[in-house]
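**Q** Below is one structure. I have some questions about it.
Quick note: the coordinates plus some simple rules give every number you see, no bench work behind them. As the structure is a prediction and not an experimental result, all values here were calculated from the model. Quick reminder, even Gly has a Cβ in these numbers, built from the backbone with ideal geometry, and neighbours come from all protein chains shown.
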Amino acid sequence: MSPALLQELSDVSYPTIGHFLEDGFVSPSIQSLLANVKIAGPAVTVRIADHDATAMNHALLALRPGDVLVVDMGGDHQHAPVGAVTAAAALAQGAAGVVVDGVATDVLELREASLPVFARGTSCLTTKRLHGTGSAVNVPVHCGGVQVNPGDLVLGDDNGLIILSPEAARDVLGKALASDAAEPAILARITSGEPLASILAL
């Protein structure tokens, strides 16, 4: 993953991307548990079957600095696979964040750790060390209605999450940066009292 591409994506306002694309937008039910966050990094994926906590440990070992761990719970929105220990381990690996299509736990500890975690909510019910065989790491998964492949780019902030292939990210980047650059002048024209009919696209 090009560091320059990641830096430019970090500079883009993610809602601006929504002006140009329709696909890749994760369900708004999955939101950041922290405030004032912004992440951009390649996905390491894990599919967790039968609330098996062991799969998460394998996924943590696969993380490299800057990665975003994306967790597919297979529709289980009760068992939390992420908590204080998981977050500490992800931080130790240099992760940029964790995204769970499900719930998380230890929310106070997660906020103190300052690791961006996106989830559908919180729960006291957690995954268990079951050593099952149905889970897998770095396989295509689904998160909030979007397919996520290992290496896809995960973009997230307080507004929500976007999943893009590196190619799709490069294609939209220039248009999004140009739109962001033009926005301050438009806002200034509005606040100056200029008639809206001369500003807004009609």
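**Q** For a Förster distance of 30 Å, can you work out the FRET efficiency between the beta-carbons of ASN57 and ALA4, rounded to the nearest 0.05?
**A** Working: r = 33 Å, r/R0 = 1.10.
Given R0 = 30 Å and the Cβ-Cβ separation, E is 0.35.
**Q** Please give the FRET efficiency for HIS131 paired with ASP180, using the beta carbon to beta carbon distance and R0 = 45 Å, rounded to the nearest 0.05. The partial results should precede the final answer.
**A** Numbers: r = 48 Å, r/R0 = 1.06.
The formula returns an efficiency of 0.40 here.
**Q** Between LEU108 and GLU22, with labels modelled 7 Å along Cα→Cβ, what's the label distance in nm to one decimal, could you check?
**A** 4.6 nm
**Q** Ok, one more. For ASP158 and ALA88, FRET efficiency with R0 = 25 Å and r from the beta-carbon atoms, rounded to 0.05?
**A** For ALA88 and ASP158, the calculated efficiency is 0.60.
**Q** Taking neighbour Cβ counts within 10 Å as the exposure measure, how do ILE199, ILE17 sort from fewest upward?
**A** Neighbour counts put them in this order, fewest first: ILE199, ILE17.
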